[in-house]
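Peer 1: Structure incoming, see below.
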Amino acid sequence: MYLLLKQGKDFGMSNNLRTMCTILGAGKSSSFFRFDWKTQSWNLLVVLGTAIGGFIAHNFLSDGSAAQINAESIADLKQLGIVDQLQGYLPESIFIFNGSWFQFLILSIGGLLIGFGTRYAGGCSSGHAISGLSNFQLPSLIAVIGFFLGGIIMVHFLFPLIFA
């Protein structure tokens, strides 16, 4: 009900990160975080709801079995050298940090690019795709097209170069 009272306001996870950093005192070192976070405190319900929803889904709505992955996807991943058990969505050789500098570098660069892209695009991919497109915002349409093009370039061109 509380969110119904806030119609016309933007909400999303990237806004919450700024709000949480401000609450924790980041405004002392950066002017970007100097704003009245109390005007955005209602938005923290999104984070709370996500955490509660994830807990409920994991503990009460899941039988604990691994997701079934398409056989063609498994064959494609094996051609790229990913020969894990593939018993779920996350192949361990990519997503489990094994302490290698190469993996640390890839994860660090990827994290920085995602953070930069989120700020540069004015929000995260799900925020643009869900909130922005539903409000017919042209910048969100441009951003979502860019996200898809970036994903296609990554999967078809860069991924094979990095992991081949």
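Peer 1: How large is ³J(HN,Hα) for each residue in segment 51-66, as worked out from phi by the Karplus curve 6.51 cos²θ - 1.76 cosθ + 1.60 (θ = phi - 60°), to whole Hz, x for Gly and Pro?
Peer 2: Whole-Hz 3J(HN,Hα) from phi for segment 51-66: 5, 5, x, x, 4, 4, 4, 5, 8, 10, 10, 10, 8, x, 7, 6.
Peer 1: From the backbone phi of segment 71-81, what are the Karplus-calculated ³J(HN,Hα) couplings (6.51 cos²θ - 1.76 cosθ + 1.60, θ = phi - 60°) in whole Hz, Gly and Pro given as x?
Peer 2: 4, 5, 5, 4, 4, 4, 5, 5, 5, 8, x
Peer 1: Using a 1.4 angstrom probe on heavy atoms only, work out the carbon and sulfur share of the accessible area of segment 100-144 in %. Don't skip to the answer; put the middle values down first.
Peer 2: Numbers: 2520 of 3190 Å².
Within segment 100-144, the accessible surface is 79 percent carbon and sulfur.
Peer 1: Pop out the ³J(HN,Hα) list for segment 146-154 in order, Karplus 6.51 cos²θ - 1.76 cosθ + 1.60 with θ = phi - 60°, rounded to Hz; leave Gly and Pro as x.
Peer 2: So the J values, rounded to whole Hz, are x, 4, 5, 5, x, x, 5, 4, 4.
The values are calculated or read from the model by the stated rules, or taken from the named source; none is laboratory data. Treat the numbers as computed from the prediction; the structure is a model and nothing was measured. Accessible surface areas use protein heavy atoms only, side chains included; no ligands, DNA or RNA. Shrake-Rupley method; radii C 1.70, N 1.55, O 1.52, S 1.80 Å.
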